[in-house]
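Let me begin by presenting the structure, written as structure tokens, before commenting on it.
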Amino acid sequence: MKSQEIRATFLEFFKSKQHLIVPSASMVTKDDPTLLFVNSGMAPFKEYFLGNGTPKKSRIADTQKCLRVSGKHNDLEEVGYDTYHHTLFEMLGNWSFGDYFKKEAIAWAWELLTEVYKIDKDILYVTVFEGSNDDDNLEMDTEAYDIWKQYIAEDRILKGNKKDNFWEMGDQGPCGPCSEIHVDIRTPEEKAKVDGKTLVNEDHPQVVEIWNLVFMQYNRKANGTLENLPNKHIDTGMGFERLCMVLQDVKSNYDTDVFTPIIREIETITNTKYRVEEKQDIAIRVISDHVRAVAFSIADGQLPSNTGAGYVIRRILRRAVRYGFTFLDKKEPFIFRLVDILSKKMGQAFPELKAQKQLIE
Ligand code: GLY
């Protein structure tokens, strides 16, 4: 399945479950002093979770551009070295604002993955929050555990700690226990040697989280305490590029059709070949990732600069330039030449890339 179809299938599925489909919000935050960029699908909806506004519908789904390069969620230094972290990525999400809760969120996630996308159940693991004995003193999420039992063998339901199974947007804001869905896409020989469940949340490149279902019920206040939200909500986030990796039966996000056209263009421009030399491979991954982050950011109105959010974008651009200069021997500007293929491939889903192409270049 091509990435365009994978994205469209997600949105169609939730439309059939009475969700309103909305376009991605701008990645550049304007009204939130706690965030420089949208770092998750839920960030644009934060005020609805807090009860400070009413969404157009109590069920919404979208694909949201996210940037994880600052603050609590920062993946910048991983990017290029592994095959599944990105600065900019798309997060497919469905939301319930005081409408459905765990039962439907879990049932629909399972239906979409196993019946619509037809992912083999035997490559899936799920996690639930085990509770915490710290100041928050939170109970284990037995409700989610019991719901998952209806769908998946109990030895595939793993308990996870606060770091992995209690999702917080930042130091403050809406939060709650979560259930993650992980895939194990290793070969049968590798699976026979090492049990997949020992690799969940252990940074294995082929045993990765694809979807996080967050059961929003608290607000983390500035003084660090938790208060109950006025209503319970659902916030899910599925990593689009990782989903493409699974559905396209490849072992790296960079081998999906989200990245291969950009990588082919880098090979042509720099006269190199991907998958020949490790240092060059890292550089090619860095550049193919970073051009997306910088291009989408400019399209959303945040240009590179020397302060605040603009400085974050400048650092990403500089990192891309440095890898091109050092490892691909590219001494003259070339990254702007990738904008054309990017806007051709992604301009349909994100028309701002086409509209702002000249400015980005
Ligand atoms: N808000 C869910 C996530 O970003 O994982």
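Check each of the trypsin sites (Lys or Arg not before Pro) in region 220-260 and keep only those in coil by DSSP with at most 12 other C-beta atoms within 10 angstrom; list them in order.
Values: sites: ARG220, LYS221, LYS232, ARG242, LYS251; in loops: LYS221, LYS251.
Counting only loop positions with at most 12 other Cβ atoms within 10 Å, the trypsin sites (Lys or Arg not before Pro) in region 220-260 are LYS221.
Counting only Cα atoms, region 263-317 measures 38, 19, 13 Å along its principal axes, largest extent leading.
Annotation: the antiparallel percentage among DSSP beta bridges lying fully within the chain is about 85. Just checking the listed ones, PRO205, PRO174, PRO333: in the Gaussian network model of the chain with Cα springs under 10 Å, the one fluctuating most is PRO333. Pairs to check: LYS273/LYS330; LYS162/LYS191; LYS15/LYS232. Give those whose C-alpha atoms are more than 25 Å from each other in this structure. Over 25 Å Cα-Cα: LYS162/LYS191. Calculate, for ASP32 and TYR117, the FRET efficiency according to 1/(1 + (r/R0)^6) with r their C-beta to C-beta distance and R0 35 Å; round to the nearest 0.05. Step by step, r from the Cβ atoms, then E = 0.60.
Checking the cross-link pairs LYS65/LYS251; LYS102/LYS344; LYS159/LYS193 against a 30 Å limit on the alpha carbon distance flags LYS102/LYS344 as lying beyond it.
Return the single residue from LEU199, LEU338, LEU303 with maximal mean-square fluctuation; model: Gaussian network over the chain, springs between Cα atoms under 10 Å. Evaluated over the chain, the most mobile residue of the options is LEU199. Can you bin region 143-270 into rounded, prolate or oblate? Criterion: square roots of the alpha carbon gyration tensor eigenvalues sorted a ≥ b ≥ c, rounded for a/c under 1.5, prolate for a/b above b/c, oblate for the rest. The shape class here is oblate. By the gyration tensor of its Cα atoms, with a ≥ b ≥ c the square roots of the eigenvalues, what is the shape of region 52-117: rounded for a/c under 1.5, prolate for a/b over b/c, or oblate? Because a/c hits 1.5 or more and a/b fails to exceed b/c, region 52-117 counts as oblate. When the square roots of the Cα gyration tensor eigenvalues are ordered a ≥ b ≥ c, the ratio a/c for region 272-361 is 1.5 or more and a/b does not exceed b/c, which makes its shape oblate.
Report the GluC sites (Glu not before Pro) located in region 98-157 that are in a DSSP loop and have at most 15 other Cβ atoms inside 10 Å of their Cβ, or state none.
Values: sites: GLU104, GLU111, GLU115, GLU130, GLU139, GLU143, GLU154; in loops: GLU130, GLU139.
Taking region 98-157 and a limit of 15 other Cβ atoms within 10 Å, the loop GluC sites (Glu not before Pro) found are GLU139.
For the chain, give the magnitude of the charge dipole about the Cα centre (Cβ charges: +1 Lys/Arg, -1 Asp/Glu; no others), in debye to the nearest 20.
1260 debye
Across the options VAL69, LEU342, LEU243, the greatest Cα extent toward the positive end of the charge dipole of the chain (unit charges at beta carbon of Lys, Arg, Asp, Glu) belongs to LEU342. Estimated purely from DSSP H runs of n ≥ 4, each contributing -39500 (n - 2.57), the mean residue ellipticity at 222 nm for the chain is -9500 deg cm²/dmol once divided by its residues. Tell me which of PRO304, PHE13, SER252 sits at the most positive position along the dipole axis of the chain, charges placed on C-beta atoms (Lys, Arg +1; Asp, Glu -1). About the Cα centre, the residue reaching furthest to the positive side is PRO304. With a cut-off of 14 Å between beta carbons, the residues surrounding ASP184 carry a summed charge of -3, where Lys and Arg count +1 and Asp and Glu -1. On a 29 Å Cα-Cα criterion, which of the cross-link pairs LYS17/LYS357; LYS103/LYS163; LYS121/LYS279 come out too long? In this structure, LYS17/LYS357; LYS121/LYS279 exceed 29 Å between Cα atoms.
Where a number appears in this text, it was derived from the coordinates with a stated rule and is not lab data. Treat the numbers as computed from the prediction; the structure is a model and nothing was measured. Don't worry about glycine lacking a Cβ; one is built from the backbone with ideal geometry, like all the others, and counts go over all protein chains shown.
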